[in-house]
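The values are calculated or read from the model by the stated rules, or taken from the named source; none is laboratory data. Computed from a predicted model, the values in this text were never measured in an experiment. Cβ: placed from backbone, ideal geometry, glycine included. Neighbour counts: every protein chain shown. Side chains included, ligands, DNA and RNA excluded: accessible areas come from the protein's heavy atoms. Shrake-Rupley method; radii C 1.70, N 1.55, O 1.52, S 1.80 Å.
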Amino acid sequence: MGSRKKAKPSRSRKKAKPSPDQAVALDYVRAWAHPAASAPPPEPSAADAAGDDFLPHQAARMASGGGGSVLFELHSHSNHSDGFLSPSELVERAHRNGVKVLALTDHDTMAGIPEAVSAAHRFGMRIIPGVEISALYSPKEIIGTGEHVHILAYYGMCGPSRFDDLERMLSNIRDGRYLRARNMLAKLDRLKVPIKWEHVTKIAGEGVAPGRLHIARAMVEMGHIENIRQAFNNYIGDDGPAYATGSEPFAENVVQLINRTGGISALAHPWALKNPDAVIQALKGAGLNALEVYRSDGKVDGFSELAEKYDLLKIGGSDFHGRGGKDESDIGTVKLAITTLCSFLKMARPIWCSAMKDILLKFAEEPSTTNLGKMVMFGELINFNGFSSSGSGMDIVNLCLSSWLSNNGMEEVELEELVKSCT
């Protein structure tokens with residue numbers, strides 16, 4: 001073997017100063033993430049996110065309160081779907097890892113959001129109410145054919161503007177999960193891999209629709225396989241002998257519903273698709289806003305180009321479930337550049353503001369205990385004690401405006417539009 005050259009003494013490198021666009025974007029994102037500690041955010045430059053907008057993990061080790069970054073986690077799961085941690089435990093772990101803004105995106109349910117919001121309040125974090133919706137891409141819209149996709153939805157602090165419409169779709173998907181799980185167990189039984197239904201539902205937890213991860217965990221606990229990856233590779237993966245479909249809606253319809261309910265839509269983990277270009281093109285036509293391009297191990301080859309081809313915002317997240325082990329990235333390990341976060345917020349905030357307006361106007365027209373509960377499901381209120389649906393609808397609207405707007409750090413133009421609409 002040849003001799004190795006002596007390493008030259010390393011010289012300490014000065015940290016590169018942020019560009020003017022990065023500095024403006026940082027101020028803007030910080031002002032939204034920490035509204036109580038910031039002045040109103042300045043208007044960002046139109047020339048943001050022009051270059052590569054991902055900061056590698058090794059190059060982005062900076063606390064969210066200082067340096068040149070604010071850590072967002074845009075893809076995570078709790079035990080309200082197939083995660084291992086409760087929403088409170090998830091928030092606490094995210095806080096320990098430096099996350100300042102957390103999107104909880106459980107599969108086909110938003111039931112964990114209120115607990116996450118309450119926990120985040122203790123740590124000075126912000127929660128983006130989200131959900132990962134199971135869907136089917138089928139060019140001819142034939143049920144039982146096509147490719148299964150997951151679409152992320154991100155909402156403002158008040159949640160969806162038409163929650164009943166969204167929940168109707170999610171509830172139908174969850175109902176289909178029960179039938180799907182039973183069909184999978186029947187197929188596994190025929191493959192001499194018996195699993196009891198009670199075992200799966202116990203793992204899933206009370207009121208949680210069972211998914212493939214719950215079945216995989218039961219298979220491991222029963223000793224049929226060594227690990228969860230083996231369950232998917234050999235049995236319950238998309239092409240596995242024990243795979244079964246549920247009652248997933250068509251993907252284009254999901255994207256359109258997210259748009260109608262005041263959300264931002266993103267296609268999750270497109271690298272898992274067989275024909276990503278066709279899927280992305282179709283969903284872009286339906287109104288898709290963003291594409292997951294980044295993982296904790298960096299940018300996935302080819303998908304940045306696809307995002308640019310279809311003019312989609314490039315985002316990413318850890319897809320954290322809390323399983324542990326070497327094959328799972330920890331929460332907060334995807335470091336999105338500040339210009340990307342600024343672009344995300346500039347796209348989302350007007351849409352979220354419009355959703356807030358719709359929620360408030362609907363309550364002002366029909367003040368009731370039911371509508372009040374829907375209105376405050378995701379947004380915390382200040383000094384809410386003493387108000388009831390028997391009072392003036394506009395009084396409660398004004399209370400919500402003062403509370404939500406102070407917490408949401410909205411720009412003056414957004415505030416003026418919302419106040420005019422609701423008074």
When the range 106-155 is examined, which residues are found to be of a type in the set (D, E, K, R) and either closer than 20 Å to Ala244 by Cβ or in contact (Cβ under 8 Å) with a residue 60 or more places away in the chain (or both)?
Asp108, Arg126, Glu132, Glu141, Glu147
Provide a single number: the residues in the range 215-238 that are crowded, with 22+ Cβ neighbours inside 10 Å and either in contact with a strand residue (DSSP E or B) (Cβ under 7 Å, 6 or more places away or on another chain) or of a type outside the set (A, V, I, L, M) (or both).
1
Name the residues in the range 105-140 that are part of a helix (DSSP H, G or I) and open to solvent by 10 Å² or more (accessible area, probe 1.4 Å), would you?
Pro114, Glu115, Val117, Ser118, His121, Arg122, Phe123
Could you list all residues from the range 179-200 that are under 13 Å from Arg212 (Cα atoms) and of a type in the set (Gly, Ala, Ser)?
Ala181
Out of the residues in the range 146-198 that are open to solvent by 70 Å² or more (accessible area, probe 1.4 Å), of a type outside the set (Lys, Arg) and closer than 30 Å to Phe363 by Cβ, which is modelled with the highest pLDDT?
Asn172
Filtering helices (runs of 4 or more DSSP H) wholly in the range 265-372 for at least 3 residues that are surrounded by fewer than 23 Cβ atoms within 10 Å (Cβ to Cβ) and of a type in the set (A, V, I, L, M) gives 276-286, 338-365
Going residue by residue through the range 70-78, is there one that turns out to be closer than 29 Å to Ile280 by Cβ, open to solvent by less than 10 Å² (accessible area, probe 1.4 Å) and either free of Cβ contacts under 8 Å to residues at least 24 places away in the same chain or among the acidic types (Asp, Glu) (or both)?
yes
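Okay, residues lined up against (1) farther than 23 Å from Ile228 by Cα; (2) touching a helix residue (DSSP H, G or I) at 6+ places or on another chain (Cβ under 6 Å):
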{"position": "His75", "(1), (2)": "no, no"}
{"position": "Ser81", "(1), (2)": "no, no"}
{"position": "Ser88", "(1), (2)": "yes, yes"}
{"position": "His95", "(1), (2)": "yes, yes"}
{"position": "Lys100", "(1), (2)": "yes, yes"}
{"position": "Leu104", "(1), (2)": "no, yes"}
{"position": "Gly112", "(1), (2)": "yes, yes"}
{"position": "Ile128", "(1), (2)": "yes, no"}
{"position": "Lys140", "(1), (2)": "yes, no"}
Looking at Lys192, is it free of Cβ contacts under 8 Å to residues at least 60 places away in the same chain and on the phi > 0 side of the Ramachandran plot?
yes
Would you be able to tell me the number of residues in the range 202-212 that are in a helix (DSSP H, G or I) and under 13 Å from Arg180 (Cα atoms)?
1
Within the range 239-256, can you find the residues that are under 17 Å from His107 (Cα atoms) and either among the β-branched types (Val, Ile, Thr) or open to solvent by 70 Å² or more (accessible area, probe 1.4 Å) (or both)?
Thr245, Val254, Val255
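If a residue has to be open to solvent by 20 Å² or more (accessible area, probe 1.4 Å) and touching a strand residue (DSSP E or B) at 6+ places or on another chain (Cβ under 9 Å) to count, how many in the range 86-104 make the cut?
Residues meeting the conditions: 4.
Just the residues that are in contact with an Asp or Glu (Cβ under 7 Å, 6 or more places away or on another chain) and not small (Gly, Ala, Ser), please, taken from the range 276-308.
Residues satisfying the conditions are Val279, Leu283, Leu306.
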Name the residue that is farthest from the chain's Cα centre (by Cα), counting only residues in the range 270-280 that are touching a residue at least 60 places away in the same chain (Cβ under 8 Å) and farther than 17 Å from Lys309 by Cα.
Lys274
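Which of the residues spanning the range 225-268 are acidic (Asp, Glu) and modelled with pLDDT under 95?
Glu226, Asp238, Asp239, Glu248 - these are the residues of the range 225-268 that are acidic (Asp, Glu) and modelled with pLDDT under 95.
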Out of Tyr243, Tyr235, which single residue is over 19 Å from the mean Cα position of the chain (by Cα) and part of a helix (DSSP H, G or I)?
Tyr235
Give me the residue from the range 159-188 that is in a helix (DSSP H, G or I) and of a type in the set (Ser, Thr, Tyr) and, out of that set, nearest to the chain's Cα centre (by Cα).
Ser171
